[in-house]
1. Please report the relative contact order for the stretch A:267-418, taking Cα pairs under 8 Å with a sequence separation of at least 6, and give it as a percent rounded to a whole number.
2. How well do other chains shield peptide A:209-221, expressed as the mean number of their Cβ atoms within 10 Å of each residue Cβ?
3. Ranked highest first by the average count of other Cβ atoms within 10 Å around their residues, in what order do A:261-274, B:341-354, A:232-245 fall?
4. Note the distances from A:Gly259 to each other copy's matching label point, with points 7 Å along the Cα-to-beta-carbon direction, in nm, sorted shortest first.
5. Once you order the gyration tensor axes a ≥ b ≥ c over the Cα atoms, which shape class does the stretch A:158-224 get: rounded for a/c under 1.5, otherwise prolate or oblate by comparing a/b with b/c?
6. Could you tell me which of rounded, prolate or oblate describes the stretch B:178-258, using a ≥ b ≥ c as the square roots of the eigenvalues of the alpha-carbon gyration tensor, with rounded for a/c under 1.5 and, failing that, prolate when a/b is larger than b/c and oblate otherwise?
7. Could you work out how far apart the two model spin labels at A:Arg93 and A:Asp48 are, taking each label as a point 7 Å from the Cα in the direction of the beta carbon, and quote it in nm?
8. Would you mind giving the average projected area, over all directions, of the Cα convex hull of the protein assembly as shown in nm² with one decimal?
2 protein chains.
Amino acid sequence: MHKAEIIAIGDELLSGDVENTTTPFIIDQIRSLGYDLIRATTVGDETDRIARAVQGALGAAEIVILTGGLGPTPDDITREALAKAIDSPLEFRPELWLEIQQLFEQRGKSTPPANINQAYLPYHAQAVPNSVGTACGIIVEHHEAAIIVLPGPPHELRRMWLDLVQPYLERRYPANSLDRQQRRVFKIYGIGESDVMERLRRLLDATRETGVGFGFYPRAGEVHITIKAVGAEHETRALLDHLSVSLQNLLGTDLYGMGEDTLPAITGALLKEQHQTVATAESCTGGLAAHYLTDVPGSSDYFRGGIVAYNSEIKEKLLGVNKETIDNFGVVSEQTAMAMAAGARTALEADFGIATTGIAGPAGCTPELPVGTVYAGLATPDGQSASKIFLPRMSRGLIKTMASKKAIDLLRRYLIDH
Amino acid sequence: MHKAEIIAIGDELLSGDVENTTTPFIIDQIRSLGYDLIRATTVGDETDRIARAVQGALGAAEIVILTGGLGPTPDDITREALAKAIDSPLEFRPELWLEIQQLFEQRGKSTPPANINQAYLPYHAQAVPNSVGTACGIIVEHHEAAIIVLPGPPHELRRMWLDLVQPYLERRYPANSLDRQQRRVFKIYGIGESDVMERLRRLLDATRETGVGFGFYPRAGEVHITIKAVGAEHETRALLDHLSVSLQNLLGTDLYGMGEDTLPAITGALLKEQHQTVATAESCTGGLAAHYLTDVPGSSDYFRGGIVAYNSEIKEKLLGVNKETIDNFGVVSEQTAMAMAAGARTALEADFGIATTGIAGPAGCTPELPVGTVYAGLATPDGQSASKIFLPRMSRGLIKTMASKKAIDLLRRYLIDH
């Protein structure tokens, strides 16, 4: 089995936000190509440390993937570090410099002088064209190994990997098809990790000797199950198909989807199928439920719109919630959640309305209504319902997330049952 | 300088979502403690590979931090791997089992049998109490090194680190205060990475020999600059204060904040200071601008609410946009963006209205209005304005993000100038 190692470069990956890391994408690609991933490492922007990491990887793996540090700024030192690691000087490539200048011209801008650094590659290296950005990638073959360097921005890296790097690797390091891994992800909303485990206990026992790997991951109110199998494609596919059916039986409607499915996308697909529309009325989630629904391409087919009513006046004025309802039961109550959902349905002329009202914190709580108290409401052509969830000790962001999912899930379950 | 290594454990970190990684947090902590971080590695859920990674780290570092794999499910094998790595068998700790059962009792649930695994620790290991979850952490001193194991969920790990691990490390591995790193992050909206670089070129040249490290990171329409300095605290602080002033002068209002600041939080603080309120009218951003604004604790002081108008009827009915405006100029136009902003201001009785209308794609575009065409609108007591941005080749999610930020930034700049 060909061995691979990933080295992600960048202080920012080591110190702050990770939203831009592409390592998981590459890992997935490497596994589906049938290679053995021996390590994923992150190193900061220091030439010597990067060079040593590359040399270490070359001693252990045939395929070394480097990401990041190909930009025009002084902290972009991957080219220098690579040249040092393989003792191959950087040389100026006029054709790359021309391409960079053309790209800026297309954008109607003049080329900043600093970008000339991006036209330097180690001797003998091939450039990997980047159709989206200014940083080309690099492939260097070094003894039996290949070092592949790609720019950090995810949309650039993905495009270059799929178009150019993957075909290169398949040709240069063909893998035994029996080593290729297949992976499926199952997504659950409504029950916790321990409960999922209990429901699957017999299935897990039964598959213990089959070499199938299960992973369980709690994700902001959801549980994701990963099932992996290695082997000949038709056999692993049949095995995974069989397990999918078992999971569906054991988990019922708590299993909302697979793979890239999301709760809003699945709910949207049900709405579309049933030619129905939805509108939102949000208090504590402040627009997040609408954002989730509209993150789905094509959601304009079924999403009418939403109202974020952050205070009582607006709830009364725009959603038609009775002042008496608020006075008698409180803003954070089952009754107000139902009235808001009904109000969204009417004001936005939708078949369904969903609503949230609660205490996202850190302020605004009372002894009776601690931070994390949330009501989700659903209005349907048949009437209204509401559901309470209590999310103690959670951050404001997590409470907004969980409350939005709860409201969307109320609608999903209704659409399945009716 | 004490050397440290981080090993993050979990297939999920290697294959899918990274929102749950705590490595950046730990890296930051390790650097502020004055240790030398030699590597951050991620390994999957395989006992042998984890054990080998731990042994490798013990050969190179005195402080080895392991995260994840302490849960109750069969893929949680960090305890076993650790026992194997240091050749120290797991033993049952009745007091831990009691605590786990008490935690479930508090939550009104019965303890799932699988959780008993969490009561096993290597011989001689100390338990690190977890006040939030069922997985306790582990500290094992092994020859001159300390291995610290913490559960994966970020809110559990952070609490345990700050309360218990940090004081332990400060006592066990006191660092030279001259090695402690200070880091500041500066956040810019409105100009690109190359332009930021050009404006700072002379400052960068002037600081080249001072040992200060600059990093430049593009982040969805923003540029973040990181400045790091190592040394005696009062000296590095003075140096960083001085550089902060220089950056403020060079970047003006394009520099919107520092550290944990966000565009919505800074805009919200300006609103609060000026006793003004805002409302949103969103088309293509579908609630995201309202979500950003309400992610800020205390935003109910100045955020009145919002209307997500996903089709023309709703824009007319709830926002009072004239049918003629839409017919003459189109839904995606400067005029409609201004009318929507004005409508939000009126309907929600706010001092300011901000609005977005555009094509988030992938469908809905025309030759005149390609995907990524967005207008952001601002309504103030003095009148309306709108601004076009064009975001070609970007995903739906990124277009929503960039458009929301643009609308919020229009308001921020107005509040600064008036």
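1. 25
2. Working: counts 0, 0, 0, 0, 6, 4, 11, 7, 11, 6, 5, 2, 0.
Across A:209-221, the average partner-chain Cβ count within 10 Å equals 4.
3. Answer by packing, highest mean first, reads B:341-354, A:261-274, A:232-245.
4. 4.5
5. The shape class here is oblate.
6. prolate
7. 3.0
8. Numbers: hull surface 141.1 nm².
Across all orientations, the protein assembly as shown yields a mean hull projection of 35.3 nm².
Laboratory data are not the source of any read-out in this text; all were calculated from the coordinates shown. Values in this document were obtained by computation on a predicted structure and should not be read as measured data. Cβ atoms come from the backbone with ideal geometry, glycine included; neighbour counts cover every protein chain shown.
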